[in-house]
Amino acid sequence: MKKKFQICTVVQGKNLVTFLRNLKKAHASSAMVELRADSIKDFNSDDLPIIKGPTKLPSIFTFRHKKEGGLFTGPVTQQKEILKEAFDFDFTYVDVACDNAILEDLGPKQKKQLLLSYHNNEGTPYLEDLLDLLEDMRAVRPAIIKIATLVTDYDDIPILAALLKKAKKDEKLVVIGMGRKGEITRLTFPSLGSHIAYVTMKGEKNIAPGMLTEAQLKPIIKYFNKH
């Protein structure tokens with residue numbers, strides 16, 4: 001049975017000018033965009049309407065701290081302020097790490113925009129631990145759950161595949177194996193049920209280890225559409 005998934009182009013930039021230029025480029029061919037605001041130097045709350053204004057596609061606002069696997073290195077209090085304000089804008093989703101204290105402040109309306117994420121840049125935990133994590137994340141009742149772990153050994157891939165198989169009917173679960181050894185998960189997991197396939201823009205440096213371009217995903221998309 002076919003599994004529907006969305007291809008999401010990651011938009012980044014060291015400053016607002018570069019970011020907005022890349023956002024414009026993404027609109028030419030993308031169906032969905034992840035707005036990696038944590039890549040923008042000195043990004044603050046006043047910049048939220050500046051990047052939201054030209055965003056006409058379904059979007060994921062991401063402002064992940066370095067300790068969460070992101071690029072923002074400033075005060076956690078500033079990150080929290082920006083994330084809280086992001087929920088007041090019309091972003092389709094706002095990405096929040098599963099251990100971020102802001103979760104305690106979110107109400108039912110905000111959780112409809114919540115993409116709850118877990119990133120492990122050191123390795124892939126045991127399946128039992130990931131299943132416990134998944135249940136904890138489900139308890140938050142987010143719109144989407146994302147679990148991404150670094151694949152250090154090819155034996156990690158069956159673990160992530162088994163985790164993906166635990167997705168409930170109509171649940172939006174994203175499972176990704178990061179790193180070079182995890183590239184195969186970015187090609188195959190979307191058609192197995194992983195809800196979003198993140199891709200980098202052509203010519204841009206990958207913001208996550210092992211991320212592919214849309215061109216690299218085209219063969220699997222072609223296969224997916226034929227079967």
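The values are calculated or read from the model by the stated rules, or taken from the named source; none is laboratory data. Quick caveat, the model's predicted, so the values are computed rather than measured. Here the Cβ positions follow ideal geometry from the backbone for every residue, glycine too, while neighbour counts run over all protein chains shown. Keep in mind that these areas ignore ligands, DNA and RNA; they rest on the heavy atoms of the full protein, side chains included. Shrake-Rupley method; radii C 1.70, N 1.55, O 1.52, S 1.80 Å.
Brief remarks follow.
- Amide H contacts for Val94 (H built 1.01 Å from N in the peptide plane; partners 5 or more residues away or on another chain; cut-off under 5 Å): Phe61, Leu114, Leu115.
- Here region 83-112 and region 39-61 have alpha carbon centers that stand 15 Å from each other.
- In a fully extended conformation the segment linking Glu135 and Asp90 would gain 13.4 nm over its present Cα-Cα distance, using 0.36 nm per residue.
- Other-chain or far-sequence residues with amide H under 5 Å of Tyr198's (modelled H): Cys8
- Solvent-accessible surface (1.4 angstrom probe) belonging to Arg36, in square angstrom, nearest 10: 10 Å²
- Helix-only CD estimate at 222 nm, as mean residue ellipticity for the chain, using -39500 (n - 2.57) per DSSP H run (n ≥ 4): -10000 deg cm²/dmol
- Remark: region 157-165, residue by residue, has Karplus-estimated 3J(HN,Hα) of 5, x, 5, 5, 5, 5, 5, 4, 5 Hz, where x stands for each Gly or Pro and the curve is 6.51 cos²θ - 1.76 cosθ + 1.60 at θ = phi - 60°.
- Net charge in the neighbourhood of Glu128 (other residues with Cβ under 12 Å of its Cβ; Lys, Arg +1, Asp, Glu -1) is -2.
- Distances between placed amide hydrogens fall under 5 Å for Lys146 paired with Leu116, Ser117, Tyr118, Val174, all partners being 5 or more residues away or on another chain.
- Pairs beyond 29 Å (Cα-Cα), from Lys84/Lys165; Lys111/Lys181; Lys4/Lys109; Lys24/Lys168: Lys84/Lys165; Lys111/Lys181; Lys24/Lys168
- Rough spin-label spacing in nm, given labels placed 7 Å along Cα→Cβ, for Glu104 and Arg21: 4.3 nm
- Evaluating 6.51 cos²θ - 1.76 cosθ + 1.60 at θ = phi - 60° for every residue in region 170-176, the Karplus couplings come out as 6, 7, 9, 10, 10, 10, 9 Hz, glycine and proline recorded as x.
- Members of Lys66/Lys146; Lys56/Lys172; Lys66/Lys169 lying beyond 28 Å, as alpha-carbon distances in this model show: Lys66/Lys169
- Residue-by-residue Karplus 3J(HN,Hα) for region 115-131, coefficients 6.51, -1.76, 1.60, Hz, glycine and proline x: 9, 8, 10, 9, 10, 10, 8, 10, x, 10, x, 4, 4, 4, 5, 5, 5
- R0 of 25 Å, Cβ-Cβ distance Lys52-Lys4: FRET efficiency to nearest 0.05: 0.45
- Cut-off 10 Å between beta-carbons: net charge of the residues surrounding Ile40, Lys and Arg +1, Asp and Glu -1: 0
- Cα pair distances of the chain binned at 5 Å [whole percent]: 1, 7, 15, 19, 21, 18, 12, 6, 1, 0
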